[in-house]
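Down below is the structure, laid out as structure tokens.
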Amino acid sequence: MFDRILVPTDGSGPANAALEYAGEIAAAEDVTVHVLHVIDPDADPADVETPLESSRKWAGDAGAPVIDEIHTGEPRDAILEYAATRDVDAIVMGTRGRSGVGRLLLGSVTEGVVRDAEVPVLVVRGAAEVERQYPFETIVVPIDGSDHADAAIERALSIARHHDATVHLLSVVDVTPAGIDERTDLRLDRLENAAERIIDDGVATAESAGIDPETAIRYGSTDRTIRNYVTEQDATLLVMGTHGRSGIDRLLIGSVTERVLRTATVPVLTVRAADED
């Protein structure tokens with residue numbers, strides 16, 4: 001599935017959760033794990049010695065090939081530069097971290113990496129209610145017809161083939177932003193027709209890859225509906241585009257993805273479409 005994964009860490013609970021989860025993946029898939037510690041330029045490198053010792057102990061326990069490095073600079077920029085120059089093909093991150101000169105995984109940093117990384121980012125919350133299961137068995141993909149959602153489908157199908165997992169394609173008719181009355185507003189027909197077309201296109205993509213997906217069209221607040229569907233299906237992975245369509249039929253605008261990342265009860269793999277030339 002991946003050959004080289006990057007795990008930025010600061011020794012905090014969410015960072016350790018990401019590191020442990022990366023260890024499970026590495027042990028199962030025999031991938032190389034790059035562990036990156038980013039510190040302030042004025043900080044003493046000794047400040048990260050404890051996180052370094054922790055990651056090295058983890059490496060020994062996991063039995064995975066590990067490369068650990070200390071870099072200085074602004075966390076988001078350092079993470080993105082490292083990922084690009086070391087040719088990693090995924091980043092595994094927690095959603096927040098501790099404060100102070102050694103901080104790394106504050107929500108804004110993770111969200112910045114999610115928005116701008118050229119490779120998929122697997123986001124893992126450190127909360128007790130988060131289920132971190134591997135291998136993946138049930139994958140949910142919210143779709144809206146955008147290029148980023150299409151990229152998410154392609155990635156989810158690749159993972160599903162690797163794990164022989166079930167894929168669920170979800171289209172959300174979010175009537176709340178437009179103030180639509182579900183019973184009377186004629187615009188609802190447009191939204192429903194758009195959702196059906198999006199699902200049909202997603203099914204065609206999946207079937208061309210040899211996968212027969214489950215499908216659903218749901219109504220309500222987009223991020224809440226996604227979370228509820230993940231729980232309902234007992235999913236083990238949520239795959240989302242980083243951006244989505246604009247306008248009345250939008251689904252995966254960046255703010256929705258970010259809200260899901262902060263509250264998801266399973267790991268979330270975010271996928272960004274390739275930039276057009």
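Annotations for the structure displayed:
- Scanning the stretch 8-38 for residues that are of a type in the set (S, T, N, Q), more than 11 Å from Met93 (Cβ to Cβ) and touching a Gly at 6+ places or on another chain (Cβ under 9 Å) returns Ser12, Asn16.
- Given (1) farther than 16 Å from Asp3 by Cβ; (2) buried (at least 16 other Cβ atoms within 10 Å of the Cβ); (3) at pLDDT 85 or above, index of the condition Gly73 fails: (2)
- Leading residue by the ranking (nearest to Asn193 (Cα to Cα)) among those in the stretch 220-249 that are assigned to a loop (DSSP other than H, G, I, E, B) and modelled with pLDDT of 95 or more: Gln233
- Residue identified as open to solvent by 60 Å² or more (accessible area, probe 1.4 Å), outside any helix (DSSP H, G or I) and modelled with pLDDT of 85 or more among Ile91, Ile67: Ile67
- Flag if Val101 is touching a helix residue (DSSP H, G or I) at 6+ places or on another chain (Cβ under 8 Å), open to solvent by less than 40 Å² (accessible area, probe 1.4 Å) and either modelled with pLDDT of 90 or more or not in a helix (DSSP H, G or I) (or both): no
- Condition met for Arg56 (assigned to a helix (DSSP H, G or I) and at pLDDT below 85): yes
- Pairing residues of the stretch 197-211 that are crowded, with 16+ Cβ neighbours inside 10 Å with residues that are acidic (Asp, Glu), at Cβ distances under 8 Å and at least 6 apart in sequence or on separate chains, gives Ile198/Asp144; Thr205/Asp150; Thr205/Glu154; Ala206/Asp212.
- Boolean, Glu118 is at pLDDT below 95, open to solvent by 30 Å² or more (accessible area, probe 1.4 Å) and over 23 Å from Gly13 (Cβ atoms): yes
- Of all residues in the stretch 134-159, those being closer than 17 Å to Arg227 by Cβ and more than 13 Å from the chain's Cα centre (by Cα) number 3.
- Considering the conditions (1) on the phi > 0 side of the Ramachandran plot; (2) at pLDDT below 85; (3) of a type outside the set (Val, Ile, Thr); (4) open to solvent by less than 40 Å² (accessible area, probe 1.4 Å), Leu252 is excluded by exactly one of them, (1).
- The set of residues in the stretch 131-152 being of a type outside the set (Phe, Trp, Tyr), out of contact with any Gly (no Cβ under 7 Å at 6 or more places or on another chain) and open to solvent by 10 Å² or more (accessible area, probe 1.4 Å) consists of Glu131, Arg132, Gln133, Pro135, Glu137, Thr138, Gly145, Asp147, Asp150.
- Number of residues in the stretch 6-23 that are closer than 18 Å to His163 by Cβ and out of contact with any helix residue (DSSP H, G or I) (no Cβ under 6 Å at 6 or more places or on another chain): the value is 2.
- Residue within the stretch 159-169 that is open to solvent by less than 10 Å² (accessible area, probe 1.4 Å), of a type in the set (Gly, Ala, Ser) and modelled with pLDDT of 95 or more present: yes
The values are calculated or read from the model by the stated rules, or taken from the named source; none is laboratory data. In this text, all values refer to a predicted model and were calculated from it rather than measured experimentally. Here Cβ is always computed from backbone atoms with ideal geometry, including for glycine, and neighbour counts include all displayed protein chains. In case anyone asks, the SASA skips ligands and DNA or RNA and just uses the protein heavy atoms, side chains included. Shrake-Rupley method; radii C 1.70, N 1.55, O 1.52, S 1.80 Å.
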